[in-house]
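Colleague: Okay, here's the structure, questions in a sec.
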Amino acid sequence: MEYRIAETFVSINGEGQHAGELAVFIRFAGCNLNCSYCDTAWVNQKDAEVQSMSGEALTAYVRESGVRNVTITGGEPLIQPGIQELLEQLGSIPDIRIEIETNGSIAIRPFTGLRIRPSFTLDYKLPGSGMEAAMQTENYRYLEQGDTVKFVISDQEDLRRARQIIQEHHLQGTCGIYFSPVFGRIEPVEIVNDMLAHKLNQVHMQLQLHKFIWSPEQRGV
C-alpha cells in the first residue's frame, strides 16, 4: 500500500500527554475539514508537495529512528486509504507507542480493536474553528485514560463551549483534557483565569512547545 506523505521527521511532541518527549512523526496530506486557524493548511492543498511511501518503508523509517513514540498526524490521518493496514504494520515494532492526532470528525471505534491499540488525541472543534458541526462526540464512548480530548481556544465563547462539552460528556476522569490557545488570537492568561474561575480540575492548559523552540512557521519540527 502506498500513502501520500507530506513529511516525516523526528522531533519532540509539542503537546498532549507526552509533550516534550521524542517522537517520530508521519504527516499525511489531505483533510476533510477547513478550520479557520489551521497551522498545517499547506498539506491540505490539492497541489501540496507529497511523496508516495509504502507501509513497509514507513515502518522501516520508524524502526530505524530508534524512537518509541510515533505520532500519526496530518491533515487527517483517519481518512487515508489503508490507514488501518499501516497501523497494524507499525504495531509490529517492539515497544512502540502509537498516537493518532485526529480532528474529531471521524469515528475511532474501528481502530480501537487493533492488537496494539493507538492512543487518540481528538480535537473538539469549537465555534471559533468554523467546523463544530462536524464533530462526532460518540467517539467519547471509546476513550481510555491514555487518550486526550483537545480544545483549541480562540476566545471566550470557545471557553464557554469547551466547559459545556466537558460537563455534558463527563470527560473529567475519563481521559486527558487539554486547552490550547490559538496562537495570536487569545492570551494564555485568559484561559488560566477561566480555569481558575470555574475550578476546572483535571484540565491541562498547554502551549505548543515547538512554536516557542522554533519559528511558528517552521516545518519538520
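Colleague: Surrounded by 21 or more Cβ atoms within 10 Å (Cβ to Cβ) and acidic (Asp, Glu): is that true of residue 88 in this structure?
Modeller: Judged against the criteria, residue 88 is not a match.
Colleague: Picking from 74, 20, which residue would you name as being within 24 Å of residue 181 (Cβ to Cβ) and exposed (fewer than 14 other Cβ atoms within 10 Å of the Cβ)?
Modeller: 20
Colleague: Taking the stretch 85-126 on its own, how many of its residues are of a type outside the set (Val, Ile, Thr) and assigned to a loop (DSSP other than H, G, I, E, B)? Before the answer, list the steps.
Modeller: Residues of the stretch 85-126 that are of a type outside the set (Val, Ile, Thr), as a first pass: 85-92, 94-95, 97, 99, 101, 103-105, 107, 109-111, 113-115, 117-120, 122-126.
After this cut, where a residue has to be assigned to a loop (DSSP other than H, G, I, E, B) as well, the list is 91-92, 94-95, 103-105, 107, 113-115, 117-118, 125-126.
Summing the residues that are of a type outside the set (Val, Ile, Thr) and assigned to a loop (DSSP other than H, G, I, E, B) in the stretch 85-126 gives 15.
Colleague: Report the residue count in the stretch 138-174 for those that are closer than 16 Å to residue 206 by Cβ and under 14 Å from the mean Cα position of the chain (by Cα).
Modeller: 6
Colleague: Separate question: Does the stretch 136-170 hold any residues that are basic (Lys, Arg), under 30 Å from residue 114 (Cα atoms) and free of Cβ contacts under 8 Å to residues at least 60 places away in the same chain, and which are they?
Modeller: 141
Colleague: Find all pairs meeting these conditions: Cβ atoms under 7 angstrom apart; at least six residues apart or on different chains; first residue within the stretch 203-214 and more than 19 Å from residue 160 (Cα to Cα) and of a type in the set (D, E, K, R); second residue at pLDDT below 90 and open to solvent by 60 Å² or more (accessible area, probe 1.4 Å).
Modeller: Pairs found: 211/183.
Colleague: Let me ask something else. Within the stretch 168-189, track down each residue that is of a type in the set (S, T, N, Q) and either surrounded by 20 or more Cβ atoms within 10 Å (Cβ to Cβ) or over 15 Å from residue 124 (Cα atoms) (or both).
Modeller: If the condition is that a residue be of a type in the set (S, T, N, Q) and either surrounded by 20 or more Cβ atoms within 10 Å (Cβ to Cβ) or over 15 Å from residue 124 (Cα atoms) (or both), then 174, 180 are the ones that fit.
Colleague: Another question, if that's okay. Being more than 28 Å from residue 144 (Cβ to Cβ) and either modelled with pLDDT of 95 or more or polar (S, T, N, Q) (or both) is the requirement here; does residue 201 meet it?
Modeller: no
Colleague: Could I ask something else about it? Filter the stretch 106-120 down to the residues that are in contact (Cβ under 8 Å) with a residue 40 or more places away in the chain and open to solvent by less than 10 Å² (accessible area, probe 1.4 Å) and list them by number. Break it down into steps so the answer makes sense when it comes.
Modeller: Let us first name the residues in the stretch 106-120 that are in contact (Cβ under 8 Å) with a residue 40 or more places away in the chain, namely 106, 118-119.
Listed by number, the list holds a single entry, 118.
Colleague: Follow-up. Please list, ordered by residue number, the strands (runs of 3 or more DSSP E) wholly in the stretch 1-77 having 3 or more residues that are touching a helix residue (DSSP H, G or I) at 6+ places or on another chain (Cβ under 7 Å). Lay out the reasoning, then the answer.
Modeller: Working: elements: 2-12, 22-28, 51-54, 69-73.
The qualifying strands (runs of 3 or more DSSP E) are 2-12, 22-28.
Colleague: Hey, another quick one. Are any of the residues in the stretch 37-51 among the basic types (Lys, Arg), closer than 28 Å to residue 151 by Cα and buried (at least 20 other Cβ atoms within 10 Å of the Cβ)? First the steps, then the outcome.
Modeller: From the stretch 37-51, those among the basic types (Lys, Arg) are 46; that's our starting set.
With the extra rule that they be closer than 28 Å to residue 151 by Cα, the set shrinks to 46.
Of the ones still in play, those that are also buried (at least 20 other Cβ atoms within 10 Å of the Cβ) are none.
Among the residues of the stretch 37-51, not one is among the basic types (Lys, Arg), closer than 28 Å to residue 151 by Cα and buried (at least 20 other Cβ atoms within 10 Å of the Cβ), which makes the answer no.
Colleague: Here is a follow-up. From the list 180, 154, 215, pick out the single residue that is at pLDDT below 95 and among the small types (Gly, Ala, Ser).
Modeller: None of the other options fit; the residue is 215.
The values are calculated or read from the model by the stated rules, or taken from the named source; none is laboratory data. None of these values were measured; they are calculated from a predicted model. Backbone-built Cβ (ideal geometry, glycine too); neighbour counts: all protein chains shown. Ligands, DNA and RNA are stripped out before the accessible areas are found, and what is left, the full protein with its side chains, is counted by its heavy atoms. Shrake-Rupley method; radii C 1.70, N 1.55, O 1.52, S 1.80 Å.
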